[in-house]
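Let me begin by presenting the structure, written as structure tokens, before commenting on it.
Coordinate-derived values only; no laboratory data. As the structure is a computational prediction, the values presented were derived from the model and not from experiment. Every residue, glycine as well, gets a Cβ built from its backbone with ideal geometry; the counts of neighbours run over all protein chains shown.
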Amino acid sequence: MTEFVSQYVNLTWIYWFFTVIYALTITSIVGVVISQNRNPVKTLAWVTVLLALPAFGLVLYFIFGRNIKNKRIVSRSVRRRLRRREIGYRGDLRRLDLSDSSVQHIRLAQSLAGAPYFIDNSAELFNNGTDKIEALLADIAAAKRYINLQYYILSDDAVGCRLRDALIERAQAGVKIRVIYDHVGSFRVKKRFFKTMSEAGIEVYPFYKVSFPLFGSRINWRNHRKLCIIDGEIGYIGGMNIADRYLTGGNFDVWRDLHLRVSGAAVMALEYSFAVDWYAMGHKLDEDMSEPGGKRLRAGSYGMQLLTSGPNDHWSNIAFVFLQAISQAKKCIYIQTPYFLPTDALLRALQASALAKVDVRIMIPRRSDSSILRYASFSYINECLQAGIRFYLYEPGMLHSKSMLVDDEFATVGSTNFDFRSVEHNFESNMFIYSRDFNETLRRQFLSDQADCYRVKGAEWRRRPKRQKAIESFMRIFAPIL
């Protein structure tokens, strides 16, 4: 009997010990969440989950809830060193023939991230994967000094193998090649695919490799950028990854996307972005990445500015420029995005512009590569229609384009979706182009795609099945982490 009581007391003591430790852990995390002074709605949501479902909430928080804002991944001295190569190529804002709004957008991007504005560039717009990959492979085949390549998804399918073989051929010819791929985005790719490149002398590494015990601290922060820089003279940026579906459509008849081929001094901005990520991964900066660049010839008439953003930045850089451009629009705002899950600030800005009689049009796919994101995106349509925003559903296939134009002079193409994840959790990059000619090119592309869309009508949309409305509302709850 005495032994039984002793065992019972020991078990009770152990039970209460771990209960207290667990309670203190939950309480401490709740305190951390509150002390971060986030959006009150998001703070309340995390507190509720942690208190109502402690074990599940704890796991969710370590994966999706942690905040690395203001965490310096690359020092200021390294950034200054990398920026040296841009001296002498930056445009003088006092001499630019641009609207006051455009000058303000440029200044905002400079204040947010020190993003230089470059004049006399050119940009070719690709609207399909076939043209883009053929141009990219041709430029790679002509490379003489180096190739820096970075993609969220780098697949080992037919297209990926063509790219791999092209890179290996150049590496064997003495071209320096560096490759960054996102570990989660390319998670299904066989290790042998990357090992083959590595054995050929290509420096290839995953960004934020996800493995235990770093699983929870890394999985939510993904590098969504799609960049390629060739010999410091040609650059690629946009929304297309390296995978067959960007050419064949995959499960869709058509896969619509946009990508840019850039030439001119703005290529140095792409070099800077790649070098920052390369250094952040713990690799040294080679001479071609950090020394002043060679002579850049005038390549065109486009003024361009690259802006990057990430979960470690103090401000939501790209979202801030989006917000300012939308708020200052006088005539029109055209947006293409695969997923429409805007932050409250961006949603209100779009509604305010539409209510002020600005022509606001948003295009998303009718069918998406993610049913969850599709339903969540649909949940915003009705309140947009009520404000006078025109909503279009692209019908031929998957619309993966990420673009926005405002009025006659401002346009942007890049990797940033119009959603919470791109704004708060991903490392993104967008090229901002200040040109009436390019703005018109992007406008024609939008209107061409619009001809293949169904325009959503308010009365008809409100009559959709109650079951669909319920699913949409439920999925919207998870918008901040989708």
Distance from the stretch 461-475 to the stretch 408-454 (C-alpha centre basis), Å:
28 Å
Which ³J(HN,Hα) values, rounded to whole Hz and listed in residue order, are derived for the stretch 344-359 from phi using the Karplus coefficients 6.51, -1.76 and 1.60 in 6.51 cos²θ - 1.76 cosθ + 1.60 with θ = phi - 60°, glycine and proline given as x?
4, 5, 5, 4, 5, 5, 4, 5, 4, 5, 5, 5, 8, 6, 7, 6
Summing +1 for each Lys or Arg and -1 for each Asp or Glu, what net charge is found among the other residues whose Cβ lies under 11 Å from the Cβ of Gly414?
+2
Pop a pseudo-label 7 angstrom from the Cα along the beta-carbon direction at both Asp369 and Glu383 and give the gap in nm to one decimal.
2.8 nm
Descending packing, highest mean Cβ count within 10 Å first, for 172-179, 222-229 is 222-229, 172-179
FRET efficiency, Ser111 to Gln468 (Cβ-Cβ, R0 45 Å, nearest 0.05)
0.55
Work through the residues other than Lys457 whose Cβ is under 13 Å from its Cβ and net out their charges, Lys, Arg +1 and Asp, Glu -1.
+4
Which pairs in the list Lys357/Lys457; Lys144/Lys176; Lys132/Lys402; Lys195/Lys402; Lys402/Lys457 are over 20 Å apart, alpha-carbon to alpha-carbon?
Lys195/Lys402; Lys402/Lys457
Near Tyr236, within a Cβ-to-Cβ distance under 9 Å, what is the net charge of the other residues, with Lys and Arg +1 and Asp and Glu -1?
+2
For a Förster distance of 22 Å, can you work out the FRET efficiency between the beta-carbons of Arg443 and Leu93, rounded to the nearest 0.05?
0.30
Take the Cα atoms of the stretch 340-430, find their three principal axes, and give me the spread along each one in whole Å, biggest first.
33, 27, 26
Sequence-distant residues sharing a close amide H with Val360 (under 5 Å, placed H)
Ile333, Arg390
The stretch 129-166 to the stretch 229-277: how many Å between their Cα centroids?
10 Å
